[in-house]
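**Student:** Would you mind keeping the following structure in view while I ask a few things?
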Amino acid sequence: MSIWSGVLDSCPGLLCCVINLTGKLLYVSNGYKAVAQRLFGHQCTLGSIYPPKITQLDKALNDILMAACLGNTDAVEISEKNKIWSITASPLKIENKIEGVVIIINSESSGEQAYNSQNDPKILDAVPFRACVVNSSGNILAVNKFLAASSKNQLTGKNIIEFVDADSSSHLINIIQRRKGNIECRIEEIFIQENFCDEEFLDQELNAPKTLPQSFRVARLHATPIKWNGSINTLITFEDVTEQQRIQDQLRRLLTFDTSTGILNRRGIEHIIRREFTPAIHGGESLSVIQLGVVSDNLGTRRFVEKLKNFLKPHSSSSIARWSENEFTVLVHCKGAAAVVIANEFLEQTNGILIAAGVSDLQAGVYPGVKEFIGAAREAMLVAKEAGGNMTLLAENKNS
């Protein structure tokens, strides 16, 4: 549980919980626990099924959880003594596979106040968050003072579609025309702030690290109908969820890295190999897996990993992961024979450590998938281990 709290508790005031796909509560912040107790009557017990599905509010919360399990971000709003709470459920994805759901409660909601007072043009400045009015084409008719202060340029008269990333534009057009719905997207120009978070995403971190420009932030846009200048148009409100996105990225990292050594875990190396697998097959590129099994070790796991990392530094394209407690996986861009040489050189430098190594060569065998590709190297390693270790075996060529 500490790995979740290490990330989420670092954000004071965050009202958040994490649920796995079986519905069990993995983590809940103290703030979420307090608000959920007041709004829903939930006890939020770790390890229990959440929500309990007793009241109508529970059913509404369960609906957005089901949407998140299918890959969508959805939200509901709850009124409490003239205050509107927005409850959002977002999928937690690894390699495009959903591993769980993150629920966040936020006191900045969607603009219900504006909808109820739609005949008053001054309502925009009364809305306590960034807002604008757009027509059916997305042209901005008016902005409130909060949104105007968030941009260095004049926004009125421009099209809101210009400010969102290309992947989100069609969805945004759809909710503008329907005057209803939510969307999370990257916004350019509107949210220029000094506290921008430049966390690196998994693929960037493991491949070619780079960060997003500071003019980008992640926003949740909510559309609702509003009467403006005698016509029904669309009120768009903006909720800055960059910090929530940063948390999602950190949670993904927790699921793909070994917390005790800092290198990739099994899920992380499978992601890397899966990304390289098909292009290497079709392009005829060399790709090999080295599986290392530590038979006996007087260094300790962390010092062993440091030794392995230092040894692999000349091989800049290599990736290393902790496969299990005493097994490690290395991906190298070379043929099997060269990978055997690399493994043997490492074995020669590990005085006091007895290691068995196995190698599989992508171009030398018939591997229908990543599992079989890694499995071949592991099988060879196990044979080497049974033979006493301190040797490297190349997996049999299965083309014949």
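Read-outs throughout are calculated quantities, based only on the coordinates presented, and are distinct from any laboratory measurement. Because the structure is predicted, anything quoted here is derived from the model rather than measured. All Cβ positions, glycine included, derive from the backbone under ideal geometry; neighbour counts span all protein chains shown.
**Student:** Among (1) in contact (Cβ under 8 Å) with a residue 12 or more places away in the chain; (2) β-branched (Val, Ile, Thr); (3) over 17 Å from His271 (Cβ atoms); (4) surrounded by fewer than 22 Cβ atoms within 10 Å (Cβ to Cβ), which single condition is Ile355 missing?
**Tutor:** Unmet condition: (4).
**Student:** Quick one: in region 39-98, which of the residues that are among the acidic types (Asp, Glu) and over 16 Å from Glu184 (Cα atoms) is surrounded by the fewest Cβ atoms within 10 Å (Cβ to Cβ)?
**Tutor:** Glu80
**Student:** For region 281-320, which residues satisfy the criterion of being in a strand (DSSP E or B) and more than 20 Å from Met391 (Cα to Cα)?
**Tutor:** Matches in region 281-320: Ser319 only.
**Student:** When you look at Ala364, is it within 23 Å of Asn265 (Cα to Cα), surrounded by 17 or more Cβ atoms within 10 Å (Cβ to Cβ) and out of contact with any His (no Cβ under 6 Å at 6 or more places or on another chain), yes or no?
**Tutor:** No: the conditions fail for Ala364.
**Student:** So Glu285 ticks every box in (1) more than 19 Å from the chain's Cα centre (by Cα); (2) buried (at least 21 other Cβ atoms within 10 Å of the Cβ) but one. Which box is left unticked?
**Tutor:** Of everything listed in (1) more than 19 Å from the chain's Cα centre (by Cα); (2) buried (at least 21 other Cβ atoms within 10 Å of the Cβ), Glu285 misses just condition (2).
**Student:** Taking region 324-352, which residues are among the β-branched types (Val, Ile, Thr) and touching a residue at least 60 places away in the same chain (Cβ under 8 Å)? Give the steps one after another, and end with the answer.
**Tutor:** Here is the first cut: in region 324-352, the ones among the β-branched types (Val, Ile, Thr) are 329-330, 332, 340-342, 350.
Across region 324-352, the qualifying residue is only Thr329.
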